[in-house]
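Have a look at the structure below, then the notes.
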Amino acid sequence: MKRFFLICLLIPVFFIAACASGPIVVPDDMSPSEIIQRAQEASDRNRFDDAKQYYEILLERHSTNIDLVCTAEYEIAFLNYKQKNFTEAQTGFEQLLARYEGPDAVFLPQHFRILAEKVMEKMTADGNIQSEPASVDAAE
């Protein structure tokens, strides 16, 4: 009986420990496409925080590659949207969309602009966000 009680007590502990996520370790020689693949696999397993960590690493390592920066910024904002962190998602999408207002907008991948605009429209229509930018103080 003691063994049964002990086993019943330890099973949830092991389950919780297995689900806990820590910092992601990515080898220095991992290519951007491999980092993106790992992020997508994590997202497919609903490990959104892990996926965000992969995209943050992509941003840190490839901050001069605007295509990868747009990829990471879009994906992080979209992961926030999937997690129902609508304010964070709105801020992320707005920061990404601001890139498309600059002089280098013609060089940016346009599909991220289109996707970000569609998600922003959906969040507004669903009442998850207001149409004013999240980064602007309402008292102003």
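Assess whether residue 111 counts as being touching a Pro at 6+ places or on another chain (Cβ under 6 Å) and free of Cβ contacts under 8 Å to residues at least 40 places away in the same chain.
no
Specify the residue that is farthest from residue 38 (Cα to Cα); the eligible residues are those in segment 68-109 that are surrounded by fewer than 12 Cβ atoms within 10 Å (Cβ to Cβ) and of a type outside the set (A, V, I, L, M).
Applying the filter and picking the extreme gives 103.
Each value in this text was obtained by applying a stated rule to the coordinates, not by laboratory testing. Remember, predicted model here, so these are calculated numbers, not experimental data. FYI the Cβ positions are ideal-geometry reconstructions off the backbone, even for glycines, and counts take in every protein chain you see.
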